[in-house]
Amino acid sequence: MQTDMVLSETRAGYRVVTLNRPDRLNSFGAGMHAKLLDALAAAEADKTCRALLLTGAGRGFCAGQDLSDVAATPGETPDLGATIETNYNPLVRKLRDLPMPVICAVNGVAAGAGANLAFACDIVLAARSAKFIQAFAKIGLIPDCGGSWLLPRLAGRARARGMALLAEPLTADQAESWGLIWKAIDDAALMDEAHRLAAHLATQPTAGLALIKQALDAAETNDLDRQLDLERDLQGRAGRTADYAEGVAAFFDKRTPRFTGRT
Ligand code: T3D
């Protein structure tokens, strides 16, 4: 019997999505990309869901594409462009566009598309024992899942090239010091910290946080003038939310705000 390759669990205010093929280090087997996309879409459709926590089952986070799927058709030349278009690009777009913070708890090795899936999330925590590997060059491929775009922006030109061309493992501490992730955490504390963050973010002004994501994503390609215009427009929207009024009222009342997260 095949187990669910992607698990989704509802907690108070947030969902936990777990990649679940531990015997294959949660590498993406056939159908798994679609399952993950469904789980992300379901979180988006759930109005009570205000944060998402992505992690992996077992000792790995995700080893990227399941390479045995390609090997299953010997003699045929695979069209990897088509599989990227169908499988990976929609995932990256959905993760970036989710109108809520996405926390990634990298519980173990993250290789190939698995590493770049993590980097596409909003706040990345990693177990100190975890490693990030741009494994693509070892098999003649290029960084996908947004990696060729993200790596130079996160780590700078020299480090992006080193990671992509050498495909050497990067420790979680190195990833933190290079600015690729938010924090490296002792293994035993990783999931508690990830849940604490998700639970906290689920009480925050979700619509405002979604606008922050939008502004920061747009800043990657905008010049200053366009970004100033965008800040004007997005701040206009933020200022019309009930959470803004509540935040200001709570400040003057010297109490904890009660945000609803709605626009
Ligand atoms: O095809 C397309 O659609 C194009 C898209 C490509 C996107 C990509 O992600 S390309 C990159 C694919 N990933 C890799 O190249 C990484 C391959 N894996 C590894 O290099 C190593 O497994 C790790 C460094 C990640 C971990 O090493 P280690 O020593 O901790 O574990 P292991 O023993 O290598 O792996 C454990 C098992 O998982 C093992 O199976 P076994 O021997 O116990 O039966 C191994 O074969 C399996 N496994 C790990 N990664 C994959 C995998 N099986 C299939 N595909 C994998 N990617």
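Every number in this text was worked out from the coordinates using simple rules, so none of it is lab data. Since the model is a prediction, treat every value here as computed from it, not as a measurement. Every residue, glycine among them, receives a Cβ derived from its backbone with ideal geometry; neighbour counts consider all protein chains shown.
Go through the residues of the range 124-143 one by one and say whether even a single one is more than 16 Å from the ligand (Cβ to nearest atom), crowded, with 22+ Cβ neighbours inside 10 Å, farther than 30 Å from Glu246 by Cα and of a type in the set (Val, Ile, Thr).
no
Could you check the range 227-263 and list, in sequence order, the residues that are among the basic types (Lys, Arg) and under 26 Å from the mean Cα position of the chain (by Cα)?
Initially, the range 227-263 is screened for residues among the basic types (Lys, Arg), giving 232, 237, 240, 254-255, 258, 262.
Arg237, Arg262 - these are the residues of the range 227-263 that are among the basic types (Lys, Arg) and under 26 Å from the mean Cα position of the chain (by Cα).
Specify the residue that is surrounded by the fewest Cβ atoms within 10 Å (Cβ to Cβ); the eligible residues are those in the range 14-63 that are away from the ligand (no atom under 14 Å from the Cβ), of a type in the set (Gly, Ala, Ser) and in contact (Cβ under 8 Å) with a residue 40 or more places away in the chain.
Residue satisfying both the conditions and the ranking: Ala41.
Can you tell me which residue within the range 162-181, out of those that are in contact (Cβ under 8 Å) with a residue 40 or more places away in the chain and part of a helix (DSSP H, G or I), is farthest from Ser148 (Cα to Cα)?
Asp173
Looking at (1) within 13 Å of the ligand (Cβ to nearest atom); (2) in contact (Cβ under 8 Å) with a residue 12 or more places away in the chain; (3) closer than 30 Å to Ala218 by Cβ; (4) surrounded by fewer than 20 Cβ atoms within 10 Å (Cβ to Cβ), which is the one condition that is false for Leu67?
Going through (1) within 13 Å of the ligand (Cβ to nearest atom); (2) in contact (Cβ under 8 Å) with a residue 12 or more places away in the chain; (3) closer than 30 Å to Ala218 by Cβ; (4) surrounded by fewer than 20 Cβ atoms within 10 Å (Cβ to Cβ) one by one, Leu67 breaks only (3).
Residues are listed down the side, and each one gets a yes or a no for (1) closer than 21 Å to Tyr14 by Cβ; (2) part of a strand (DSSP E or B):
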residue: Val70; (1), (2): no, no
residue: Pro74; (1), (2): no, no
residue: Pro78; (1), (2): no, no
residue: Thr83; (1), (2): no, no
residue: Tyr88; (1), (2): no, no
residue: Leu91; (1), (2): yes, no
residue: Leu95; (1), (2): yes, no
residue: Ala105; (1), (2): yes, yes
